[in-house]
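The structure appears below as structure tokens.
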Amino acid sequence: MSEHAAPPEGADFGHDFARALDAADPLRPYRDWFVYADDTIYLDGNSLGRLPKGTPARLQEVVGDQWGRSLIRSWPRWTEFATAVGDRLGREVLGVDDGQVAISDSTTVNLYKLINAALDLRPDRRTILIEKDNFPTDLYVVQGIAQARGITCVYLDSDIDRGVDVSLVADALSDDVALVVLSHVAYRSGALADMVSITAAAHEAGALTLWDLCHSAGSVRIPLREATADFAVGCTYKYLNAGPGAPAYLYVRRDLQSQARQPIWGWFSQRDQFGMDQQYAAADGMARFLTGTPNMLGIASVDEGLNAIADAGIGQIQEGGRLLTGYAQLLADEWLRPLDFAVASPRQPSRRGAHLTLHHEQAWQVCQAMIARDVVPDFRTPDRLRLGFSPLTTSYDEVWRGLDQIRQIVQVGEHLAFPTERAAVT
Ligand SMILES: Cc1ncc(COP(=O)(O)O)c(C=O)c1O
């Protein structure tokens, strides 16, 4: 099933088959590591991952012991926390050696820091390439920086379901392109970009690459090392299960670190922070990409979220995601295609992350009807239902029941009772 979503031997569309898949699933024991508060069918772990059972106690330890009892005396153990947990995330999730990842700020702020750092490394080049369907915050940050620097932003005309391919990028590269900003897994369709070939094409043209890993970290293997990718950013609240507003991470390839400078010269990136010098001097290594005081509670939560991933291993998680999306695609083809749904993700599981997107003209109404039945998907403009399967926490039973609920809703037209106008906040 992992390559072409062909039904496994003896597959049928009955509920028992979903239960049998769960019984044989090597990732099944990890469900016990997470909180399932009720019977909600949760197909949105790629927006906000479930709460690991260990996190409340871990936060209580940081609050009660480290803060409550030890107060400021906890700083010696906190100073290295952003880079130590960054190293762990780098090893377990990004597949890179220590000293190249730090936990810091939000994805948006890290984009700002690293795009500026990259442009300063290519001062004679005046163009940034970005996919036109990249995540909005990536687009907005690039637009703001392009305007402030008076440089050009060129949009790659990618297909919203198939994403970017190497020829699209290669055709747009020139000796004026400083930086290529792309998502590894597309937020809308889940399309997986060929990081290795695209980075090679960019490097051949003398450009740098910055990868947004928000939808790939914790769902697929990320070939940063193999690609010799230059920069990357990502969030921790999706498949990394660190919770709402948990801090993001950034990756800078080791050999670029001594030349790269980010523009927010905060005291946590100062060489001798407590020397209180009046003149800024950038620290060595990943510390130079920090800004102000890191969020210790947030970093503890990132560290806690990494436990299950480290135990299961990213290879097994990737395979689990392919099987879950493959199974969902089988059910969607069988049950939902006759109801005017179409798969709007690459059909081959190996060409996508761990979510499956379905096109339907009334996707917004279907989404609301599902939520009214305690089935939580995501809606994505213009008319897409996005179903996120988190390999550590989503069961085949949940997939079966979730798709069955969609079938039931649309068969009887239950969704038509919901507003057609999309609410401003979703
Ligand atoms: C691909 C991608 N990039 C960036 C972000 C947002 O980053 P931030 O954590 O700064 O809100 C998201 C949020 O969902 C995302 O999906």
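Before moving on, here are some points about what is shown:
- Multiplying the residue separation of Asp272 and Ala310 by 0.36 nm and subtracting their alpha-carbon distance yields 10.4 nm.
- Two-site FRET efficiency, Glu226 against Asp171, from Cβ-Cβ distance with R₀ of 25 Å, rounded to 0.05: 0.60
- Given R0 = 22 Å, the distance between the Cβ atoms of Tyr280 and Asp120 translates into a calculated FRET efficiency of 0.90.
- Rounded if a/c under 1.5, otherwise prolate or oblate - the range 238-295, Cα gyration tensor axes: oblate
- Loop-resident GluC sites (Glu not before Pro) (DSSP state other than H, G, I, E or B) in the range 301-348 with no more than 12 further Cβ atoms inside 10 Å of their Cβ are absent.
- For Lys113, a cut-off of 24 angstrom between C-alpha atoms picks up these lysines, skipping any fewer than 8 places away in its own chain: Lys132, Lys238.
- Over the chain, DSSP H runs of length four or greater, each weighted -39,500 (n - 2.57), average out per residue to a 222 nm ellipticity of -10000 deg cm²/dmol.
- The DSSP beta bridges internal to the chain are antiparallel in roughly 50% of cases.
- The range 114-252, relative contact order [Cα under 8 Å, separation at least 6], %: 21
- For the chain, a simple Cβ point-charge model (Lys and Arg +1, Asp and Glu -1, everything else neutral) yields a dipole of about 880 debye relative to the Cα centre.
- Distance between the range 301-339 and the range 385-419 - C-alpha centres, whole angstrom: 15
- Three-way shape label, the range 1-128, alpha-carbon gyration tensor, a/c 1.5: oblate
- Both radii were evaluated on the Cα set of the chain; the Rg over Rh quotient, with Rh as the Kirkwood radius, amounts to 0.98.
- Using a Förster distance of 51 Å, the FRET efficiency for Leu256-Asp32 (Cβ separation, nearest 0.05): 0.80
- By the equivalent-ellipsoid construction on the alpha carbon gyration tensor, the range 367-426 comes out with semi-axes of 21, 15, 9 Å, ordered largest to smallest.
- The value of relative contact order for the range 221-303, using C-alpha pairs under 8 Å at least six residues apart, is 30 percent.
- Convex hull per residue volume in Å³, alpha carbons only, for the range 88-174: 133
- Cα gyration tensor, the range 149-285 - rounded (a/c under 1.5), prolate or oblate: oblate
- By accessible area with a 1.4 Å probe, ligands and nucleic acids excluded, highest first: order of Val166, Val220: Val166, Val220
- Accessible area per residue was computed with a 1.4 Å probe on protein heavy atoms; Lys132 scores about 90 Å².
- Relative contact order (percent, whole number), the range 55-310, Cα cutoff 8 Å, 6+ residue spacing: 24
- Point-to-point label distance, Thr152-Asp383, nm (Cα→Cβ direction, 7 Å offset): 3.5
- Principal-axis tilt of helix 195-204 within the chain, Cα atoms, nearest 10 degrees: 40
- The Cα center of the range 13-33 and the Cα center of the range 87-166 differ in position by 38 Å.
The values are calculated or read from the model by the stated rules, or taken from the named source; none is laboratory data. Just so it is clear, the structure is predicted and the values come from calculations on it, not from any experiment. Glycine gets a Cβ as well: all are built from the backbone with ideal geometry, and neighbour counts include every protein chain shown. In case anyone asks, the SASA skips ligands and DNA or RNA and just uses the protein heavy atoms, side chains included. Shrake-Rupley method; radii C 1.70, N 1.55, O 1.52, S 1.80 Å.
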